[in-house]
Amino acid sequence: MFVAFLTNGQTNTRRGFEWTRARRREADEAARAAESATGPEDAGPQGDAWWRPRGGRLRFVLAWSDVAAVAAAWLVVLAFHGDLVARPLRSIGLTACVVLVAVAFATHWGLYLARVNTVRSAELAAIFRVSAIAAVLGWLLAKGFGVPIWWVFVALAGVLTFLFLAASRSGFDVWIKSRRRAGAYCRRILLVGRDEAAVELLELVHDQPELGYRVVGFVGPRFEANDEFPVTWVSDYPGLAEAVAQREANGVIVAASALGNRALRAALCDLVEAGVHVQVSTGLQGLDHRRLRASTVGYEPVLYLEPLSNTSWERHVKRAMDLAISSIALLIALPVLAIAAAAIKLHDRGPVFFRQERIGRGGRPFQLLKLRTMGTDAESKLAALVGDNQRDGPLFKLGVDPRVTRPGRILRASSLDELPQLINVLKGEMSLVGPRPPLASEFDQFDDELQQRQQLTPGITGLWQLEARDNPSFRTYRRLDLFYLRNWSISLDLMILLLTAYNVVIRAVAPTRMDEESPADADAVPDAVQEEQPSVTVA
């Protein structure tokens, strides 16, 4: 079948993609005609960037938010230095030049491309480079404009530029993810291939709608949609071109393991030549992309997989980091803890701390500490709330929990209720970074593979808390925990710590609608309730 596709289907494929281009031109003209009436929220992404909604308004908004952030940072510094009052025209001219430099380098380093914007560590690294180069060039330009600014103020301008850019892009990120969950700004894609890797891709897109993909059809051997693969069949591989046009898709995800080599190569070449946005799954689900290195064997592309180090010295370094950071953080947080304890005590005269048995490394139980955020009668009220559980699998979570006290809402939104767990870290029962410690009833429902997460010391923060804290899917919880287990490293821990600190600040400023604590953090969840929740695993 695949050979016939390669030898006899080339003419039809080219005609099909010519039809695709014509349909796209018509769609673009219709979108431009309707854009002024519909607004950006009625269009989806187009082309090779996630922010381009046919008219390019989102890219326009993002670029102008960067302009405003850089300009605000430099104007604040120049006003504080006194130059904005003494030399207003020169200061404004200097700021305008710095803004142009910053936007130019932001474009150069891909800050308006999906492959950078969708990876927060990469985005923040690019923002740091832009801020640094803008500060250096701004200092040089200041001399040309006759603005005698001290290097200390230039450094301050660089820091403010980074903070303002990060804050504005975080606000944009929160907004675009909420719109994507509602079905807007999603790329319409076809899934090519049907095997285990394709099923996992489909589950990933379904479980995380904030990624911005909407599967509108499947290309491959004909079959009827079912519960495991609930996607409409569109065409076999020879009809791929017509399928793209028929479903009005503007992207394709290919499960490479489902196609033969020749058919895969021919399909990819034709799709790229036609200008279709193509992503290819390697089938290496669960491996960190940073461990993959593009290489060649006889000019043929291959991927080299970097081995995990995980030597004893890295474990010692991790423990040293835990002791040093948690000790300093606990000392700094003592005044905050005192204020929080007073607020909890004054509210209902109940206990300040909440203790709960969790499962730690090696399956050993320990007492997890938290600031109490629920009323003293939380357990007695739980039975009436079980039907409102917003999680699947063995986890329990309410978006708006009526048992949470007024001080508790503030503590949860700012994550201050987690501070007592620094004591657990000092005792060696927890780490700063790791899988969240489960309840015994949750752990009993984990499958054998997921129970391997207890090989690691549980953590206050982790990959799941960072990437999918508000996601109700147990499959996402499972996937991210296993990812951390398979790819743990000191560099990954440092990245999670930095991004957690960044997220805590953002959540404190603009909490999301599901900012309540994670399901593993519920203050009162009896074992009987947990045992009623069925376990969900990935095939």
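Values quoted throughout were computed directly from the atomic coordinates according to the rules given, and no laboratory measurement underlies them. These numbers come from a predicted model, not from an experiment. Methodologically, a virtual Cβ is constructed for each residue, glycine included, from the backbone with ideal geometry; neighbour enumeration extends over all protein chains shown.
So the values come out like this:
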{"item": "Residue within segment 121-137 that is crowded, with 20+ Cβ neighbours inside 10 Å, without any contact (Cβ under 8 Å) to a residue 40 or more places away in the chain and closer than 30 Å to residue 258 by Cα present", "result": "no"}
{"item": "Residue in segment 369-381 that is within 30 Å of residue 447 (Cβ to Cβ), of a type in the set (Asp, Glu) and in a helix (DSSP H, G or I) present", "result": "yes"}
{"item": "Residue check, residue 449 assigned to a helix (DSSP H, G or I) and crowded, with 19+ Cβ neighbours inside 10 Å", "result": "no"}
{"item": "Selection count where residues are of a type in the set (A, V, I, L, M, F, W, C), surrounded by 16 or more Cβ atoms within 10 Å (Cβ to Cβ) and in a strand (DSSP E or B), scope segment 326-368", "result": "4"}
{"item": "Segment 311-354, residues that are of a type in the set (A, V, I, L, M, F, W, C) and under 30 Å from residue 487 (Cα atoms)", "result": "313, 317, 320, 321, 323, 324, 325, 328, 329, 330"}
{"item": "Residue within segment 147-154 that is among the aliphatic types (A, V, I, L, M) and either outside any helix (DSSP H, G or I) or closer than 30 Å to residue 290 by Cα (or both) present", "result": "yes"}
{"item": "Selection from segment 71-95 of residues that are surrounded by 14 or more Cβ atoms within 10 Å (Cβ to Cβ), hydrophobic (A, V, I, L, M, F, W, C) and out of contact with any Leu (no Cβ under 7 Å at 6 or more places or on another chain)", "result": "71, 72, 74, 92"}
{"item": "Options 295, 312, 281; residue that is of a type in the set (Ser, Thr, Tyr) and in contact with a helix residue (DSSP H, G or I) (Cβ under 7 Å, 6 or more places away or on another chain)", "result": "281"}
{"item": "Considering residues of segment 197-211 that are in contact with a helix residue (DSSP H, G or I) (Cβ under 8 Å, 6 or more places away or on another chain) and closer than 14 Å to residue 282 by Cα only, the residue surrounded by the fewest Cβ atoms within 10 Å (Cβ to Cβ)", "result": "197"}
{"item": "Given (1) in a helix (DSSP H, G or I); (2) within 20 Å of the chain's Cα centre (by Cα); (3) crowded, with 18+ Cβ neighbours inside 10 Å, index of the condition residue 185 fails", "result": "(1)"}
{"item": "Segment 347-363 residues that are in contact (Cβ under 8 Å) with a residue 60 or more places away in the chain and closer than 17 Å to residue 377 by Cβ, paired with ones that are among the hydroxyl-bearing types (Ser, Thr, Tyr) and not in a helix (DSSP H, G or I) (beta carbon under 7 Å, 6 or more apart)", "result": "347/405"}
